[in-house]
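Here is the structure we will look at, set down as structure tokens.
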Amino acid sequence: MAPRGRGPPRGPLLLGGGAPRLMPSPPFLPPSLQVNFRSPRSGQRCWAARTQVEKRLVVLVVLLAAGLVACLAALGVQYRTRTPSVCLSEACISVTSSILSSMDPTVDPCQDFFTYACGGWIKANPVPDGHSRWGTFSNLWEHNQAIIKHLLENSTASVSEAERKAQVYYRACMNETRIEELKAKPLMELIEKLGGWNITGPWDKDNFQDTLQVVTSHYRTSPFFSVYVSADSKNSNSNVIQVDQSGLGLPSRDYYLNKTENEKVLTGYLNYMVQLGKLLGGGDEDTIRPQMQQILDFETALANITIPQEKRRDEELIYHKVTAAELQTLAPAINWLPFLNAIFYPVEINESEPIVVYDKEYLGQVSTLINNTDKCLLNNYMIWNLVRKTSSFLDQRFQDADEKFMEVMYGTKKTCLPRWKFCVSDTENTLGFALGPMFVKATFAEDSKNIASEIILEIKKAFEESLSTLKWMDEDTRKSAKEKADAIYNMIGYPNFIMDPKELDKVFNDYTAVPDLYFENAMRFFNFSWRVTADQLRKAPNRDQWSMTPPMVNAYYSPTKNEIVFPAGILQAPFYTRSSPNALNFGGIGVVVGHELTHAFDDQGREYDKDGNLRPWWKNSSVEAFKQQTECMVEQYGNYSVNGELVNGRHTLGENIADNGGLKAAYRLPGHWLHLQLQGVLGTLPLPTRLAHEPSSQV
């Protein structure tokens, strides 16, 4: 539930997965899965990828929402005609113990509710070395990692061929002896295959177009811009080529432009670049550093023309559909037809091919930048993109370099991360759907889908009630909004195709993992996943496709599909437990559900109708009233400061709307499930009366 992403997926580390590398590889999205590579503007909204400031604000809102739910539940109990029974089941006793141990009863909840509810948990769970943050999401992912490790290391005769490929990939990653023997050789050979790199040896070629084509398709990098296939925002029943801004090595343009504030990070990044160049045989530092500085300066030039995310939130304004011929006129530095035909082969692209472009101004400016830049620097920059993405598949020296830069970037302490955790994360990040059946069978009961569906239904009812209270919304828009809420499609646990071995094997048929060759397996995967992406171009989007793997501790809303997705990985304690009273599940996963539902009506989601099409379906009066409401919220959050850092209220607007919408849905929720208490289904936890409001305050 974070800013949605357009462009190659898995940028910053998601708590639900991803190898701990600087730039994680994209997840595989087979034909039966969602191919929706989108940037923080109009892709799926997910929970995990947030800044530290946003995380703390979200936690505060969740605590308030959960507290309201629990308080109203307690008030509802007062209307029962008989004394509620105390729940003494194993689940209730376990939850009670967890609640008490997580609290800090020495704190006045009226002064500091967060510490009162969660102070005990914070004391018992300090942020581990190597991490910049830690919470219940992190804890659950650690738990899921241990399960995946056991499954990958214990092969059975009943697993499918796709599952075996995941095991081969994992074991190759775990073969440190072989990886240390090869050292930098695999990447050095790849660089030579691409024509060389002036950092590691003399270079004087004229192969800009060829190199750009190969690194874009075979190795899934995005220098200068990103190219991908996704549902057309204005015609959600059709896939279309999309082009967007890309190319920065650091997470945000602000790192490059606010040089005084980020001097330490920029110096650390340059040192990291120089270190990788040396490890790849680049010779002495005096030769490498000036060229790496040129690459950093080029990225800074890209940052200068990159449009800030807060200015990209109105999708009606930034959406432009052009033909390939018009794209050639817009950005003539690229020979677009040869480029597109090469990366989408065997699909034929002609001058009339429709292409959705975001930030036309950026593409025009990046074209000028390319034309005005020396060809050697352009090649150095493109190969650096490749090196940055693939170096973590090499020996420990490269891992150490990554870790050292992360320490500068996020202030994380150096840690000896067990190799198995790195390999589990990377295997899940790449082949998470292939290993999905093993994880689902081990963790997810089939009736959990039905139980979770009931929870979502109740949250939807509460959410629709909240729409009825919006005095600033006109009746026609309110009616359409309720229709959109009713039409939201629920995806729970896992996509059905993964549980059919034949279907799963068909999806991964063209991918081969080689024993003991970790780097080679990763490169094969990049090429394979692009071929799958390209194959989607002439196919219609599938509503049953997924863009998150089953083990992921995460959730998202997709506007072009008008659907919310909750993988099996998040449908576990403390968010959801089959044996727990519904009140606890409402306070856990219910908060997440309410947040995702609200994304359908935040400042970006509201632009999409019930069929997932980008169009102006709100009346102008309601649009203006909505903007007035949100400006107030931008100002409110823009005045919040955490650790001396002001929140960017406009950049976080979508998340703030979702948090507040979830709060209102939670406030109304008890009206729908109070009848369960009246029937004696919920019972009560064996807690002192003054603590009866805590069960869902600690998610």
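Please verify whether region 498-509 includes one or more residues that are aromatic (F, W, Y), touching a residue at least 24 places away in the same chain (Cβ under 8 Å), crowded, with 20+ Cβ neighbours inside 10 Å and not assigned by TED's automatic domain parsing to the domain that holds Y556.
Quick first cut of region 498-509, residues aromatic (F, W, Y) only: 508.
Next cut, touching a residue at least 24 places away in the same chain (Cβ under 8 Å) only: 508.
Those left that are additionally crowded, with 20+ Cβ neighbours inside 10 Å: 508.
Then drop every residue that is not not assigned by TED's automatic domain parsing to the domain that holds Y556, which leaves 508.
Checking region 498-509: at least one residue is aromatic (F, W, Y), touching a residue at least 24 places away in the same chain (Cβ under 8 Å), crowded, with 20+ Cβ neighbours inside 10 Å and not assigned by TED's automatic domain parsing to the domain that holds Y556.
Restricting attention to region 630-640 and to residues that are in contact with a Leu (Cβ under 9 Å, 6 or more places away or on another chain) and not aliphatic (A, V, I, L, M), the residue that is surrounded by the most Cβ atoms within 10 Å (Cβ to Cβ) turns out to be Y637.
Those helices (runs of 4 or more DSSP H) of region 270-332 in which 1 or more residues are out of contact with any His (no Cβ under 8 Å at 6 or more places or on another chain), charged (D, E, K, R) and at pLDDT below 95 occupy 285-305, 315-318. I'd like to check something: does region 480-503 contain any residue that is closer than 24 Å to F526 by Cβ, hydroxyl-bearing (S, T, Y) and modelled with pLDDT of 95 or more? For region 480-503, residues closer than 24 Å to F526 by Cβ, hydroxyl-bearing (S, T, Y) and modelled with pLDDT of 95 or more: absent. Just so you know, in region 253-266 the residues that are in a helix (DSSP H, G or I) and without any contact (Cβ under 8 Å) to a residue 60 or more places away in the chain include one that is surrounded by the fewest Cβ atoms within 10 Å (Cβ to Cβ), and it is E263. Scanning region 250-297 for residues that are closer than 22 Å to G201 by Cβ, among the small types (G, A, S) and under 29 Å from the mean Cα position of the chain (by Cα) gives no hits. Within region 116-143, the set of residues being touching a Ser or Thr at 6+ places or on another chain (Cβ under 9 Å) and over 20 Å from C416 (Cα atoms) comprises Y116, A117, C118, G119, G120, W121, I122, A124. Number of residues in region 515-558 that are among the β-branched types (V, I, T) and more than 19 Å from G436 (Cβ to Cβ): the value is 1.
The values are calculated or read from the model by the stated rules, or taken from the named source; none is laboratory data. Computed from a predicted structure; not experimentally measured. Positions of Cβ are generated from backbone atoms using ideal geometry, with glycine treated the same way; all protein chains shown enter the neighbour counts.
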